[in-house]
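We did not get these values from a lab; they are worked out from the coordinates using the rules stated. Predicted, not measured: the structure shown is a model, and the values here were computed from it. Virtual Cβ from ideal backbone geometry, glycine too; neighbours counted across all protein chains shown.
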Amino acid sequence: MAFASSPMSHSISTSHIQTLLSLPVAIEHKDSDHVALLVDIFSKPPRSNDEIMLELEANSIVISHELVLNVLQNLETAPDVARRFFGWVSESASERLSSKSYNLMLGILGVNGYVKEFWDLVEIMKKKGYGVSKGTHVRVLEKFEKDGLNSDSEKLKELFSSGSVDNSVEKVCTRVCKLIRKEVWGDEVEKRLRELNIAFSCDLVALVLENLGTQPNKALIFFRWIEESHLCEHDERTYNAMARVLGREDSIEKFWRVVYEMRGAGYEMEMGTYIKALGCFVKRKMIKDAVDLYEFATSGANKPSVQDCTFLLRKIVTGKELDMDFFLKVVKTFTVSGNPTLNSIVDAVLKSLSSVGRFGECNKILKSMEEGGFLPSSTLQSKIAFRLTSDGKKDEAREFMDNMEASRCGPNYNTWVSLIEGHCVAGDLNQASDCFQKMVEKEGGSCAGYAFALLVNAYCHKNRSMDACKLLSKMVIEKDLKPWHRTYKVLINKLLVQRAFKEALNLLGLMKNQGFPPFLDSLIEYVSKTGTADDAMMLLKATTVKRYPSKFVFLRVFEAYFKAGRHNEAQDLLSKCPRYIRNHADVLSLFFSMKSEEAAAVAA
C-alpha cells in the first residue's frame, strides 16, 4: 500500500536520519540492530522490491509482525520513512500487519499532519474490521486540536465514541474474552461463541490469546477449539501468541508441545516470544528449560544474539549449583551455529563467576570453552592468572598454567608476569620465586626485568632483602638475568638498612659487570656514617674500573667522612690509600683545608 503525498508532507534530511539512528531503541537483543538496518534501508531513495529483498537477505533480516511493530515504534519522528516502510510491508508481507500495526501507522500520520492519509487509512482499517485504539485517538486528537482542525477533531471524536466500527477487532475481542472468562469451558461456551457469528481472523485469535494470558488453560482450549472447528487456520502470529501465554512454570509441558508444533508447521518463534519465555524461565530458576529454549531458537531463523549467549552463561555460573553440562550445551550450541567464541563472553562469564565466589572453578569454564573451540587471548590469560594467584588459589593457578601449556596458545610473558604479581600480592613469595624461575627457564632471562622488579619489591616489603639478594646473584650468574638498574638500587638501599654492607658490595660488583654505572650515593653515605677505613677501601676497590679506583671517588669518600665529623677515619683511610692518592694535590688541599678549619674552631 502506498500513500499519496500531501501538502503537509516533508522530506527527511540526512542529519535527521543520523539523529534518528543514534536514538536509544527500546528493544532487546539483536532486534535493535535489525530495526536500525530497516530504518536505514527505507531512508534511502525508493528502490525496487527485488533490491530491497536482496538487502534484507544479505543482513539476515526476517520480517515478522513483531519486527514491524518495533520499526514503526521508532519512526514517529520520521513519517516519510514510516510511509515507505508500511507501504512496502502492505504489498510484500501484508500478513505481518495487524490492528496494532495499523494503529501505529495511523498515529504517525496523525501527529505529523498527514490528515488526508490519516482518513484514507481509517477507511482501509474499517474494511479490515480494525478500530482506532484509545492511545492513537488521544495522541492524534491532541494534534488536530492544536492545529485548529476543528472538523477533523469532531469527526475523530465521533468515530471513537462509536467504537470506530461496530465489529472492530478490539470490540470483538472484548466480547469473546468476557464470555470465555465468565464460564467453565464446555458445549455451552462453544455454542455461544458460534452464535456471536464472528469471522475469526488470525489477528483476532492472537489478540484473544494475549488477553487471556492470566488463564493459560482456557487460552489453550480456545486455541485448540479454533483449529478443530476450522474457524481459522493458525499462523505464526497465533502460534507465538499461544507460546507467550504458556511460557511459564505451570504450563511448561504445554509450551514445548506448542513450540515444536509451530516449528513443524513451518513457522518461526518470534524474538519477543523467546525473550519473554527466557526471562520467565531464568527468573523461576528453570535453567534446563532456558538452555533448551536457547538451543531451540538458535536452530531457527530468528537466532539469538551474542548477548543472549552471554546472558544465559552468566545465569548458569551464578546459579545455586554450577551445572557444567548446561554450560557446555550453550557453548556448543553457540559455536555450532557458526559464531566465534569471543573473549568478551568469557570475560563476562568469569566476572559473574567471581561475583558468587567461584572464581576457583574457572578452569572448568575454560575447559568447556576450549571444547567449543575457544582459546583465551593473552590479555584474558593474564587477568585469570593474576586473579587466581592474588586470591591465594595456588592449585587452581598451577592447573591453569598446565592447561595453557598443553594448549596451542601456551602462556606468554605477560601471563607469567601476572602470575608472579598475583603471588606477590597474596604475600606468597616462595611461590612467586618458583614461578619466576620457571618463567626464566621457558622465556629466558633477558626480558625478565619487570617481573624481577616486582619480585624484589615484594621481598623488600616483607623485610626479606637478603633472600632477594641471594636470588638475584643466583639468577644473574646462572641464568644470565639482567635486572633493571633501579632494581639494583632498591635492593642495595634495603640491604644497607639491614647493615648487610658486604652483600650490597657484591651487588655493586654485579652491576659493574653488567655495564651499569656504579650506584655509590647510599654506599658512600653508609661508610661515612658507620663504616671503618677498611670498609671504605672495600667500597673503593669495588668501584675500580681499571687498575686503580678513581680519584674522584676517593675525594667523595673523604668529603663524606669530613661532613660526618669522622676526621680520624678519614685520616686512617688516607694512610691506606695508594701513593698517587696520598700525594694528589686535590687530596692534600682537602685535608689541609679541613685541618685549617679545625684549628680555627679550637682557637675560637
Given an 8 Å cut-off on Cα distances and at least 6 residues of separation, report the relative contact order of the chain as a percent. 6 percent
For helix 567-576, what angle does its Cα long axis make with the longest principal axis of the chain, in degrees from 0 to 90 and rounded to 10? 70 degrees
Just from the alpha-carbon atoms, what are the Rg and Dmax of the chain in angstroms? 40.9, 134
Nearest-ten-degree value, helix 324-336 long axis tilted from longest Cα axis of the chain: 70 degrees
Suppose R0 equals 35 Å. What FRET efficiency, 1/(1 + (r/R0)^6) with r the Cβ-Cβ distance, do L375 and K489 give to the nearest 0.05? 0.30
Rounded to the nearest 10, the angle in degrees between the Cα long axis of helix 551-563 and the longest principal axis of the Cα atoms of the chain comes to 90 degrees
Taking a label point 7 Å from the Cα of V306 along the Cα→Cβ vector, which residues of segment 378-400 have an amide N closer than 20 Å to it? 378-384
For segment 474-499, list residues with backbone N below 13 Å from a point placed 7 Å from the Cα of Q514 toward its Cβ? 474-492
How far, in nm, would the chain grow between N59 and K364 when pulled straight, counting 0.36 nm per residue and subtracting the alpha carbon separation? 106.2 nm
Just tell me which lysines come within less than 17 Å, Cα to Cα, of K393; anything on the same chain fewer than 8 places away is out. K351, K364, K383
Have a look at Y526, S43, G360 and report the one farthest towards the positive end of the charge dipole of the chain, computed about the Cα centre with Cβ charges (Lys/Arg +1, Asp/Glu -1). Y526
Under 9 Å, Cβ to Cβ, from S133 - net charge with Lys/Arg +1 and Asp/Glu -1: +1
Calculated [θ] (222 nm, deg cm²/dmol) that DSSP helices of n ≥ 4 give over the chain, each run adding -39,500 (n - 2.57): -22000 deg cm²/dmol
State to the nearest 20 debye the size of the charge dipole of the chain about its Cα centre, where the only charges are +1 on K and R beta carbons and -1 on D and E beta carbons. 2860 debye
In nm, to one decimal, how far is the K351 label point from the K285 one, both placed 7 Å along Cα→Cβ? 2.6 nm
Return D391, D235, D325 ranked ascending by Cβ neighbour count within 10 Å, so the fewest neighbours appear first. D325, D391, D235
What is the fewest-to-most order of W256, W88, W185 by other Cβ atoms lying within 10 Å of their Cβ? W185, W256, W88
Two-decimal Rg/Rh of segment 90-169 from alpha-carbon positions, Kirkwood Rh? 0.96
Length gain on complete extension for the stretch T530 to K394, per 0.36 nm per residue less the alpha carbon to alpha carbon distance? 44.6 nm
Expected output is a single nm value to one decimal: the length gained when fully extending between H230 and A93, i.e. 0.36 nm times separation in residues minus the C-alpha distance. What is it? 46.9 nm
